[in-house]
1. Does any residue in the stretch 230-246 that is surrounded by 12 or more Cβ atoms within 10 Å (Cβ to Cβ) come within less than 8 Å, Cβ to Cβ, of a residue that is charged (D, E, K, R) and modelled with pLDDT under 85 six or more places away or on a different chain, and which pairs are these?
2. Of the residues that sit in the stretch 353-371 and are of a type in the set (A, V, I, L, M, F, W, C) and surrounded by 17 or more Cβ atoms within 10 Å (Cβ to Cβ), which one is nearest to Ala302 (Cα to Cα)?
3. If you check Val276 against the conditions, is it under 20 Å from Phe126 (Cα atoms) and touching a residue at least 12 places away in the same chain (Cβ under 8 Å)?
4. Considering each of Glu306, Glu325, Glu297 in turn, give the residue that is more than 17 Å from Thr50 (Cα to Cα), outside any helix (DSSP H, G or I) and in contact (Cβ under 8 Å) with a residue 12 or more places away in the chain.
5. Residues of the stretch 53-72 being crowded, with 18+ Cβ neighbours inside 10 Å and not basic (Lys, Arg), which ones?
6. Surrounded by 18 or more Cβ atoms within 10 Å (Cβ to Cβ) and modelled with pLDDT of 95 or more - does that describe any residue in the stretch 93-105?
7. If you take the residues in the stretch 328-356 that are part of a loop (DSSP other than H, G, I, E, B) and free of Cβ contacts under 8 Å to residues at least 24 places away in the same chain, which one is farthest from Ser123 (Cα to Cα)?
8. Suppose we filter Thr319, Thr268 for residues that are touching a residue at least 40 places away in the same chain (Cβ under 8 Å), in a helix (DSSP H, G or I) and either of a type outside the set (D, E, K, R) or in contact with a strand residue (DSSP E or B) (Cβ under 9 Å, 6 or more places away or on another chain) (or both); which single one remains?
Amino acid sequence: MHEQTPAAPEDPSAAEAVEATGPTLFDWEFATDPYPAYAWLREHAPVHRTKLPSGVEAWLVTRYADARQALADQRLSKNPAHHEGSAHAKGRTGIPGERKAELMTHLLNIDPPDHTRLRRLVSKAFTPRRVAEFAPRVQELTDHLIDKIIEKAGDAAEGEADLIHEFAFPLPIYAICEMLGVPREDQDDFRDWAGMMIRHGGGPRGGVARSVKQMRTYLGELIHRKRDAPGDDLISDLIRASDHGDHLTEAEATAMAFILLFAGFETTVNLIGNGVHSLFMNPDQRERLQASLAAGESDLLATGVEELLRYDGPVELATWRFATEPFVLGGQDIAAGDPVLVVLAAADRDPERFADPDSLDLSRTDNQHLGYGHGIHYCVGAPLARLEGQTALATLLTRLPDLELAVPAGELRWRGGLIMRGLRTLPVRFTVQNR
């Protein structure tokens, strides 16, 4: 996308008008490539008040230093009750359908001490040890999905696939379902419900609300079943912790399972999809990574996934925060009740923090990106997402080494939406190697 603000004209009054209005935000051209607009905001209006497509007015924070401060600032609450806007506006600040389905009491919408209590329970599921134990299963799921893509080619020498719907989407769905303890015979239902939820209005009327309600009902019933027959899974762990004194209401347990499922798959879908797309657009970096994998080295894969998170990460804006008192951020007066949105995609390309930020460098080591947040709300599932991202990319590049886009890059379309950044589809083709 070309920056929507035209080149500065010679007429001083026209130049002032351009600087006053800034780039157009949140249209489809912006969604394709928001980075030029974010660069303009970082330079001219790093803490910028704007009206969002929903009609809610919010502050956008685009510089790294301000973003890092805001993510850890206790004066910014995650509880939508602090938003002093209309009830209509409040209803547009969360995950689709969660308010009506009574799913608000989860980690993304609460503050300490409740946040501290619930996060302590959930974090036990994502320890390095437990994630490492889950690694072989993630590899099995990854290989199974690639096998299906190859088998679909039949006897043809070349195969085609939509890498989002046939690979990036099902992998984290099945992985998080297994961690939660959803029986395998029910996981395809979750895949259908989740697919409806991330279409952002692209499905049938009322489909999102119905999917959220179905998911909530199922999770409530599953929690009841796990109480009678617990297993080695996250939902059972939450029940056991609650039974041993860490109080957890049924509504909190259901909301927790819901947000772990929702946040635990869409971020990884976009990590894989955006990551593969970035490697397509930067063939020199892709060649470096494939050579490293062929040599049996893992260092470049680890730093590479972190760089892909920084360069074009899955979460464009951090989830909503609301000022609990007046304060100053980036030179702007933030009023009590004001919504604040930290633009992670902008902060992670701030030249004041990252050298040559608009270039992809898979060996970048000074890379304290904000892709998974910062502070007490740092993504609890980050270890699992990293495992899935590394496994998915390494296996794709090894088993389908000549994978390439099946359409011109300009034909790709990005999903609408405020928080997440991801492709609608990613058509690819490949030569069928050893079956």
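The values are calculated or read from the model by the stated rules, or taken from the named source; none is laboratory data. The shown structure was predicted, so the numbers you read here are calculated from the model rather than taken from an experiment. Here Cβ is always computed from backbone atoms with ideal geometry, including for glycine, and neighbour counts include all displayed protein chains.
1. Qualifying pairs under 8 Å: Pro230/Arg240; Asp237/Lys124; Ala241/Lys124; Asp246/Arg117; Asp246/Arg120.
2. Leu362
3. No.
4. Glu325
5. Val56, Ala58, Trp59, Leu60, Val61, Thr62, Tyr64, Asp66, Ala67, Ala70, Leu71
6. Among the residues of the stretch 93-105, not one is surrounded by 18 or more Cβ atoms within 10 Å (Cβ to Cβ) and modelled with pLDDT of 95 or more, which makes the answer no.
7. The residue in question is Asp356.
8. Thr268
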